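Engineer: Pasting a structure here, questions to come.
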Amino acid sequence: MNPKEEMYLWAKDLWPITRSLTGDGVRETLSYLKQLMPSLKIHNVQSGSRAFDWTVPDEWSISNAYIDDEYGNRIIDFSENNLHVVGYSDQIDLWMTLDELESHLYSLPDQPNAIPYVTTYYAANWGFCLTHKKRKLLKKGKYHVVINSKKKNGVLNYGELIIKGESDKEVFLSTYLCHPSMANDNLSGVVVTMALAKWLNSLEKRKFSYRLIFIPETIGSLAYLSENLQYLKENVVAGYNITCIGDDRCYSFLPSRKGLTISDAAAKHVLENTDKNYKKYKWLDRGSDERQYCAPGVDLPIASIMRSKYGEYAEYHTSLDDLNVITESGLNGGYQAIKRSIEIIENNITPRITVHGEPQLGKRGLYPNLSIKDSTKHVDVRTLMNLISYCDGENTLLEIANIINKPFWELLPLIETLIKHNLVIDEN
Amino acid sequence: MNPKEEMYLWAKDLWPITRSLTGDGVRETLSYLKQLMPSLKIHNVQSGSRAFDWTVPDEWSISNAYIDDEYGNRIIDFSENNLHVVGYSDQIDLWMTLDELESHLYSLPDQPNAIPYVTTYYAANWGFCLTHKKRKLLKKGKYHVVINSKKKNGVLNYGELIIKGESDKEVFLSTYLCHPSMANDNLSGVVVTMALAKWLNSLEKRKFSYRLIFIPETIGSLAYLSENLQYLKENVVAGYNITCIGDDRCYSFLPSRKGLTISDAAAKHVLENTDKNYKKYKWLDRGSDERQYCAPGVDLPIASIMRSKYGEYAEYHTSLDDLNVITESGLNGGYQAIKRSIEIIENNITPRITVHGEPQLGKRGLYPNLSIKDSTKHVDVRTLMNLISYCDGENTLLEIANIINKPFWELLPLIETLIKHNLVIDEN
Amino acid sequence: MNPKEEMYLWAKDLWPITRSLTGDGVRETLSYLKQLMPSLKIHNVQSGSRAFDWTVPDEWSISNAYIDDEYGNRIIDFSENNLHVVGYSDQIDLWMTLDELESHLYSLPDQPNAIPYVTTYYAANWGFCLTHKKRKLLKKGKYHVVINSKKKNGVLNYGELIIKGESDKEVFLSTYLCHPSMANDNLSGVVVTMALAKWLNSLEKRKFSYRLIFIPETIGSLAYLSENLQYLKENVVAGYNITCIGDDRCYSFLPSRKGLTISDAAAKHVLENTDKNYKKYKWLDRGSDERQYCAPGVDLPIASIMRSKYGEYAEYHTSLDDLNVITESGLNGGYQAIKRSIEIIENNITPRITVHGEPQLGKRGLYPNLSIKDSTKHVDVRTLMNLISYCDGENTLLEIANIINKPFWELLPLIETLIKHNLVIDEN
């Protein structure tokens, strides 16, 4: 089975699990991933632990939840859709009037068929989410409101995978698995990251080491950073936050805070040469774990390659973000884009030509020996000569690719040929 | 009375005085200003003093001047408009033909109702200025031409006001008062500078000290610089030349010579956030005392915020630049723009966040605790989070304001809140 | 006779000579040039010598060549046009069928009246070039194919001219003379370079020394570089490769590899102020000896000023590039552009004003003493004041010319006046 079929199947398997920041849903998801990649290590962080300015919240579990009307009709049932209950809702069992209930109901008037995704992680509260269509049918009267949930001192879980390379310097990939049943945000990120793990693991050799983590968003990245900050700052040379990468409508890029890292440059090069119309967001448009990874004083070289970005597609954070939103080709496009970016990071040498003046390629069979009008306009010869003319030991191969406006992956075999002929060495 | 009413009244009071580079008109104007701000110090520079490459000219006074025709009709009378005589005209009492007179008459064919403003400070000469309409009515014949003026070894006067702050580093404001009865150029500059003096003086505390001077243009700034150059170069951190700042038709900006000072950055930020269509001039369009302040080897950080710039409005340097050209709101707009620029200069800290990762604003009541689609798109929350994300101890608050495209004055209360919560310190 | 007439006449004289990389044609051309400028030194490089990655080829000579049909009709005759034989063709004397002949014939279907220019310097081969019109008339049958050529261990020749200046630092001009009878490419380069040599030689004094070389393209510049690389790298401060500079259809510019040298800046300034619509090529469009001069590790400051660039005009590398393509005014425009660029390089001081503030130009008769509306808008006064305002000892005169948007040659007399008045010195 090829990666794109695998990725979609994994997403289907993971779809029904009720995930949150903490609890059984996260553990069940991590167990599934560990089956796929047994070297995945599952970590615990105790409730109440400090994570910089934050505190790891209690573990939350929910067995069932519903609202019945006064005639015993079940109006909302958590077992039908795990978005129906506001995440981290307190336990409750009360009769109340519709008026009293209203301030605990969430729906979207502009999207009357969508159940919104709502959470209240850091303040005690409770609520139900429902389609606006159903909400408008609610009649005056008494309702029996039940949420069987529990918060207890427990743990926050996350998965961590280290794949060693020749160097201790690391490429860091992060994705989040705290969202319940939504597909683009963020089952797509989870399965693309797992496919990348399998690909990286399958390589004969890697220049860099790879660190991949599957965490709850925000508190997970903060907890992970607070445990590993110094090591990460010293060793991470590049990386991506992997989110919303499964639909097939567009490619999106969001830079690191300063936008000047190799992760930024590689991603922009890949997307520019994949789909010129890719959407270019700014740091001001951020909204996922890059907020922590690139925060002042942290400043890891982390950028984001996405398909339809969080907050920018209609189904975002609603029940409409289902398995129809993501596709095999959508997942595969995202997977390939990050794979290509990693290949750039792995192979971005600083080539220097070993001879003065142009090398005589003709005697090596690399150049047409007959000079006739337009003969040097032949595209491959021009590309080869242009590549050579920038092999000055100052430009990286990626910079040369941008200067001469060719995809990195077209230059790589040429530079390998030149290295084989001893015409080029890596300056670094 | 608020500043804008005061400013207009001061301009009306100062309007009739016959000012020139030197003499009683300047002294009368300075006396008026000293009444408003008794700490104003009035200085003398002796005629013949050197000011770099220049020499302070003799003091010029004029009692009356007129042209009568052969029938005793008074054709031009200086007492009716002090623009009628070319500034620094020699004494004269002669009969001459119209042909002989012509080369000493100045009028503007394109503006037949305007008396032009003409001076001959640095070469002995004399002349009369009149409307082109009146000039065309002059008949052949003899004319009696009288100018009762005097040049004598005397003094050049200027006013200087020092308002101390916590630091000896200074903000420098300069305006010129050598122009006779013209309103935008430059009674507006004189009264706006005085209003700024009163505002600065009223502040409980100031970070910087303030130096405000009221001088004759060109020779005054040269004389002042030649007396104070070293001190100014060591202590002036910002400043503005204040001219043509009283009408209500537009805002204008003219940069310092290199355009890279905090004065430039603050002024551009203020105007960009006041009226996006403000006129952006270049150093090549200069024409006032910035020519001296920013000359090579002087290079003080002086820029210009104006309303309709000198040379760029129809009434410029004519009798049409009267009290109708300036308005209360025109003066007030200019006053506010410089005031805001100074407030930026005073408060432009380099903020650094004190925690790693994003701070948890929710527990401080600064962030909505419930996360629902679009909740973090709320503009104030986004602005606050964007501001924090650039508090890295590298960007000044003004630079952050430009990056996140918000007025400095909207960020200042937010940064003060963050400082109060110990979340931000000033890196400098 | 003025340069433009001379240049055209030289081109006519040189037109019929059969040139190639090596051999009598080159020697005959160099002898002609030595007559014009007796200090030209003619050098030999032995066949088989190494030139970096290349080897100097054997000397090639050709006495005659033709194709006869089976009836003895002469179909192609080298004596009629020296483009008829592929350059460096092997000796041959064979009967063959049209089919056998076809793969050795070169013509241009899109330009049926043009004989193409084809060479095979570095691989043993032979061929004939002809118009496509004539080719289509060839009938099946036997043909007698004769090329009386010889390759022997001999020499490669080039000419070198050194014109000493006050400094040992050099301006380097290079042109190539290996092309047979084609006018814009590159008799134009040869005659413009010779005219520049005569002008430089005629100057009373020169700040820089000048090195002018007349070489075969590619192998000649490689051989010259391999003999002189270290000296050139230490001493050459600017220079141009002179090619395709004789027609009157446009101006063209091709930068050095990094595009940041004084040669680039001077050339762009000259062309910008000569013809705003000049064609701006990139390093990626290169194709002549700048490929060697600017190669990584060589990196001499060599740019190209051209008229219609090689490869970009219809007649390029065909028999149509004849003496009708170049014109006296075309050659003269190219000559003047390089002459002006050299004048900039010679006179590009870093002026610094010697007084603080603006100098009082009025007392030196350089400024109108009467100030009336618009008087300082007079263009010469503005230009003079703008020039002075940038004489800060940081900007070169060329940089100032670009900032204030005036041709260097208009500022030069002004700066000389200021120097004469002791108002400006050269900071360097």
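Engineer: Looking at the structure I just gave you, is C:ARG74 surrounded by 15 or more Cβ atoms within 10 Å (Cβ to Cβ), free of Cβ contacts under 8 Å to residues at least 40 places away in the same chain, of a type outside the set (Gly, Ala, Ser) and more than 30 Å from A:GLY357 (Cα to Cα)?
Structural biologist: no
Engineer: Okay, moving on. Would you check if B:ILE115 is crowded, with 16+ Cβ neighbours inside 10 Å and over 16 Å from B:ILE215 (Cα atoms)?
Structural biologist: Numbers: crowded, with 16+ Cβ neighbours inside 10 Å: yes; over 16 Å from B:ILE215 (Cα atoms): yes.
Yes: the conditions hold for B:ILE115.
Engineer: Search segment A:159-206 for residues being touching a strand residue (DSSP E or B) at 6+ places or on another chain (Cβ under 9 Å) and of a type in the set (Gly, Ala, Ser), and hand back the single one that is nearest to A:THR243 (Cα to Cα).
Structural biologist: Going through the qualifying residues, I end up with A:GLY189.
Engineer: Given the criteria within 14 Å of another protein chain (Cβ to nearest Cβ), of a type in the set (S, T, N, Q) and not in a loop (DSSP other than H, G, I, E, B), does B:GLN292 qualify?
Structural biologist: Answer is yes for this residue.
Engineer: Right, something else. Taking segment B:384-403 as the search range and keeping residues that are touching a residue at least 24 places away in the same chain (Cβ under 8 Å) and among the aliphatic types (A, V, I, L, M), which one is farthest from the other protein chains (Cβ to nearest Cβ)?
Structural biologist: Of everything passing the filter in segment B:384-403, B:LEU398 is farthest from the other protein chains (Cβ to nearest Cβ).
Engineer: I need every pair where a residue in segment C:329-350 that is farther than 10 Å from C:ALA266 by Cα and of a type in the set (S, T, N, Q) has its Cβ under 7 Å from the Cβ of a residue that is in a helix (DSSP H, G or I) and at pLDDT below 95, sequence separation at least 6 or different chains.
Structural biologist: These pairs meet every condition: C:SER329/C:LYS4; C:ASN332/C:PRO3; C:ASN332/C:LYS4.
Engineer: If I filter segment C:238-258 down to residues being farther than 18 Å from C:SER188 by Cα and in contact with a helix residue (DSSP H, G or I) (Cβ under 7 Å, 6 or more places away or on another chain), which single residue comes out as farthest from the other protein chains (Cβ to nearest Cβ)?
Structural biologist: Applying the first criterion (farther than 18 Å from C:SER188 by Cα) to segment C:238-258 yields C:238, C:255-258.
Keeping just the survivors that are in contact with a helix residue (DSSP H, G or I) (Cβ under 7 Å, 6 or more places away or on another chain) gives C:238, C:255-257.
Working: C:ALA238: 20, C:PRO255: 12, C:SER256: 11, C:ARG257: 7 Å.
Among those that are farther than 18 Å from C:SER188 by Cα and in contact with a helix residue (DSSP H, G or I) (Cβ under 7 Å, 6 or more places away or on another chain), it is C:ALA238.
Engineer: With respect to the numbered conditions (1) in a strand (DSSP E or B); (2) touching a helix residue (DSSP H, G or I) at 6+ places or on another chain (Cβ under 6 Å), which one is the sole condition not fulfilled by B:ASP93?
Structural biologist: (2)
Engineer: Inspect segment C:210-233 for any residue being closer than 30 Å to C:HIS43 by Cα, in a loop (DSSP other than H, G, I, E, B), modelled with pLDDT of 95 or more and away from chain A (no Cβ under 14 Å) and give the result as yes or no.
Structural biologist: no
Engineer: Cβ-Cβ under 8 Å, sequence separation 6+ or interchain: first residue in segment B:409-428 and in a helix (DSSP H, G or I), partner basic (Lys, Arg). Which pairs?
Structural biologist: Here the result reads B:TRP409/B:ARG340, each pair linking segment B:409-428 to a residue that is basic (Lys, Arg).
Engineer: If C:ARG364 satisfies all but one of (1) in contact (Cβ under 8 Å) with a residue 24 or more places away in the chain; (2) among the charged types (D, E, K, R); (3) out of contact with any Leu (no Cβ under 9 Å at 6 or more places or on another chain), what's the number of the condition it fails?
Structural biologist: C:ARG364 satisfies every listed condition except (3).
Engineer: Looking only at segment A:305-353, filter to residues that are outside any helix (DSSP H, G or I), touching a helix residue (DSSP H, G or I) at 6+ places or on another chain (Cβ under 6 Å) and away from every other protein chain (no Cβ under 14 Å); which one of those is nearest to A:SER209 (Cα to Cα)?
Structural biologist: A:ASN348
Engineer: Does C:TYR88 satisfy being surrounded by fewer than 20 Cβ atoms within 10 Å (Cβ to Cβ) and either of a type outside the set (A, V, I, L, M) or modelled with pLDDT of 95 or more (or both)?
Structural biologist: So C:TYR88 fails the test.
Engineer: A follow-up question, please. Could you please find all residues in segment A:17-36 being touching a residue at least 12 places away in the same chain (Cβ under 8 Å) and either more than 18 Å from the chain's Cα centre (by Cα) or not assigned by TED's automatic domain parsing to the domain that holds A:GLY220 (or both)? Can you show your working first?
Structural biologist: From segment A:17-36, those touching a residue at least 12 places away in the same chain (Cβ under 8 Å) are A:17-27, A:29-30, A:32-34, A:36; that's our starting set.
Passing the criteria: A:ILE17, A:THR18, A:THR22, A:GLY23, A:ASP24, A:GLY25, A:ARG27, A:TYR32, A:LYS34, A:LEU36.
Engineer: C:ASP99 fails exactly one of the following numbered conditions: (1) touching a residue at least 60 places away in the same chain (Cβ under 8 Å); (2) under 17 Å from C:LYS134 (Cα atoms). What is the number of that condition?
Structural biologist: So the condition that C:ASP99 fails would be (1).
Engineer: Residues in segment A:259-287 that are within 14 Å of chain B (Cβ to nearest Cβ) and out of contact with any Cys (no Cβ under 9 Å at 6 or more places or on another chain): how many?
Structural biologist: Final tally of qualifying residues: 7.
Engineer: If you take the residues in segment C:196-209 that are within 19 Å of the chain's Cα centre (by Cα) and part of a helix (DSSP H, G or I), which one is surrounded by the most Cβ atoms within 10 Å (Cβ to Cβ)? I'd like the intermediate steps shown before the answer.
Structural biologist: Filtering segment C:196-209 down to residues within 19 Å of the chain's Cα centre (by Cα) leaves C:196-201, C:209.
From what's left, part of a helix (DSSP H, G or I): C:196-201.
On the way: C:LEU196: 24, C:ALA197: 21, C:LYS198: 12, C:TRP199: 14, C:LEU200: 21, C:ASN201: 13.
Restricting to residues being within 19 Å of the chain's Cα centre (by Cα) and part of a helix (DSSP H, G or I), the top hit is C:LEU196.
Engineer: Same structure again: Can you pull out every residue in segment C:257-289 that is surrounded by fewer than 19 Cβ atoms within 10 Å (Cβ to Cβ) and assigned to a helix (DSSP H, G or I)?
Structural biologist: C:GLU272, C:LEU284, C:ASP285
Engineer: So in segment C:392-408, with the set limited to residues that are assigned to a loop (DSSP other than H, G, I, E, B) and of a type outside the set (D, E, K, R), which one is nearest to B:ARG291 (Cα to Cα)?
Structural biologist: Among residues in segment C:392-408 that are assigned to a loop (DSSP other than H, G, I, E, B) and of a type outside the set (D, E, K, R), the one nearest to B:ARG291 (Cα to Cα) is C:ILE404.
Engineer: Here's a follow-up. Please verify whether A:LEU187 is aliphatic (A, V, I, L, M), at pLDDT 95 or above, surrounded by fewer than 21 Cβ atoms within 10 Å (Cβ to Cβ) and farther than 16 Å from A:TYR158 by Cβ, treating the condition exactly as stated.
Structural biologist: On the way: aliphatic (A, V, I, L, M): yes; at pLDDT 95 or above: yes; surrounded by fewer than 21 Cβ atoms within 10 Å (Cβ to Cβ): no; farther than 16 Å from A:TYR158 by Cβ: yes.
Against the criterion (aliphatic (A, V, I, L, M), at pLDDT 95 or above, surrounded by fewer than 21 Cβ atoms within 10 Å (Cβ to Cβ) and farther than 16 Å from A:TYR158 by Cβ), A:LEU187 does not qualify.
Engineer: Let me ask something else about it. B:SER371 passes all but one of (1) surrounded by 18 or more Cβ atoms within 10 Å (Cβ to Cβ); (2) of a type in the set (S, T, N, Q); (3) touching a Pro at 6+ places or on another chain (Cβ under 8 Å); (4) modelled with pLDDT under 95; which number fails?
Structural biologist: (3)
Engineer: Regarding segment A:133-150, can at least one residue be identified that is among the basic types (Lys, Arg) and part of a loop (DSSP other than H, G, I, E, B)?
Structural biologist: yes
The values are calculated or read from the model by the stated rules, or taken from the named source; none is laboratory data. Because the structure is predicted, anything quoted here is derived from the model rather than measured. Heads up, the Cβs are rebuilt from the backbone with ideal geometry, glycines too, and the neighbour counts pull from every protein chain shown.
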